[in-house]
1. Kindly indicate which of 112, 14, 65 is at pLDDT below 85, in a helix (DSSP H, G or I) and away from the ligand (no atom under 16 Å from the Cβ).
2. Filter region 29-62 for residues that are under 20 Å from residue 239 (Cβ atoms) and away from the ligand (no atom under 16 Å from the Cβ); which is surrounded by the most Cβ atoms within 10 Å (Cβ to Cβ)?
3. Would region 93-104 turn up any residue that is at pLDDT 90 or above and exposed (fewer than 11 other Cβ atoms within 10 Å of the Cβ)?
Amino acid sequence: MPNKSTTGLVDGARSLLRATVGLIYPTLCLGCEVRLPEITDDELPICPACLRRLPRATTGQVSKRLVRLPDTAGVFNELFALWVFDEGGTIQRLQHALKYQNRPQLGERLGRYMAGALNGEFGHPLYDAVFPIPLARRRQLERGYNQSRRLALGMAEVLNDHPDVPQGLLVRTRATRSQTNLSRAKRWINVSGAFGLAETTDLTNHRVLLVDDILTTGATMTAAALPLREAGAMVDLAVFAVVAV
Ligand SMILES: [Zn+2]
């Protein structure tokens, strides 16, 4: 255990470092690139004006996506999407930063923000667990982290009673191709049956939250929800953006 004076020194060095890094690499708004003052752990690198302009999503926009897939009736309980995806806009830059710029902390920040909005919309629900969509092994190796897991960890910090974020229970049971550039029907064929539980688990009377970054066709989310449903869980869905139909 470091003693108090060492902790003070470390903290001092850390804030000095942060201030120096802030001078060299100031945080810029992902929307308008205005320089932001130092942001807290709960804030996003988006200025208040750009944040207000982001299009809020509705449950209807998510369900419109899901009804186009086979086998989805009754899979999900509540549906939550924070924003509507804006190709070439702030939300796409946020997604890009999260996935490709080695910024796992941004995922946790965004997760905390999502959970605040979800709490407001669903009246502070109580979850037994939060499951991120497991990343394909190769992608995990390339990226070094699973962005959905970072979102889930951030959400769990803010949700009632801080639910578990189990690792290694919901797994990919076979390799799939990247969903990019596949048609809706092909996406479903590609991921259907690609997820399972690593061990027999009884989730009867459990309410769980399944988390991903962007919902495009909903094929991946639905395929990942099925084993949780089969184990008896009630599954809610949360993403930070939905691609509107
Ligand atoms: Zn801005």
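The values are calculated or read from the model by the stated rules, or taken from the named source; none is laboratory data. Quick caveat: nothing in here was measured; it's all calculated off a predicted structure. Note that each Cβ is placed from the backbone with ideal geometry, even for glycine, and that neighbours are counted across all protein chains shown.
1. Details: 112 fails: at pLDDT below 85; 65 fails: at pLDDT below 85.
On inspection, the qualifying residue turns out to be 14.
2. It comes out as 62.
3. The answer is no; no qualifying residue exists.
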